[in-house]
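Below is one structure, written out as structure tokens, with a few remarks after it.
The values are calculated or read from the model by the stated rules, or taken from the named source; none is laboratory data. Just so you know, these numbers come straight off a predicted model, no measurement behind them. Here the Cβ positions follow ideal geometry from the backbone for every residue, glycine too, while neighbour counts run over all protein chains shown. In case anyone asks, the SASA skips ligands and DNA or RNA and just uses the protein heavy atoms, side chains included. Shrake-Rupley method; radii C 1.70, N 1.55, O 1.52, S 1.80 Å.
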Amino acid sequence: MLDEKGEVLGSVDFARRLERWRDTGTREVRFLIGAADGFGDAERAEADLLLSFGRATWPHMLARAMLAEQLFRATAILAGHPYHREG
């Protein structure tokens, strides 16, 4: 769940989280983008991960693009491609 109160993960940490889910048999991952007022406490409590792209408010289309970029980057990292920001 994308939420301003979530964890701020770097690209490598995000990739490792996806890797852990993959390697432990997680069959499906869904990313939820909240409405203008975000998610309620009950919804947050149900999430496996609260993920934040920072405290700023992002338009839905930009949040989707940022998520897509992080997913692309994570798959590249997990495939063994060098990551220029690592180290």
Within segment 3-25, residues of a type in the set (Gly, Ala, Ser) and in a loop (DSSP other than H, G, I, E, B) come out as 10, 25
Those residues of segment 63-80 which are among the hydrophobic types (A, V, I, L, M, F, W, C), touching a Phe, Trp or Tyr at 6+ places or on another chain (Cβ under 6 Å) and under 15 Å from residue 19 (Cβ atoms) amount to 74, 77
Here the qualifying pairs (Cβ atoms under 8 Å; residues six or more apart or on different chains; first in segment 1-22 and open to solvent by 50 Å² or more (accessible area, probe 1.4 Å); second in a strand (DSSP E or B)) come out as 7/51
Within segment 36-55, the count of residues that are farther than 22 Å from residue 17 by Cα and without any contact (Cβ under 8 Å) to a residue 24 or more places away in the chain comes to 5
Among residues of segment 5-57 being of a type in the set (Asp, Glu) and farther than 27 Å from residue 78 by Cβ, the residue nearest to the chain's Cα centre (by Cα) is 43
> Right, residue 69: in contact (Cβ under 8 Å) with a residue 24 or more places away in the chain and outside any loop (DSSP other than H, G, I, E, B) or not?
Replying inline: no
Pairing a residue in segment 76-87 that is among the hydroxyl-bearing types (Ser, Thr, Tyr) with any residue that is at pLDDT 85 or above, where Cβ atoms lie under 8 Å and the two sit 6 or more apart in sequence or on different chains, gives 83/11; 83/12; 83/73; 83/76; 83/77
For segment 24-64, the count of residues that are open to solvent by less than 100 Å² (accessible area, probe 1.4 Å) and acidic (Asp, Glu) equals 1
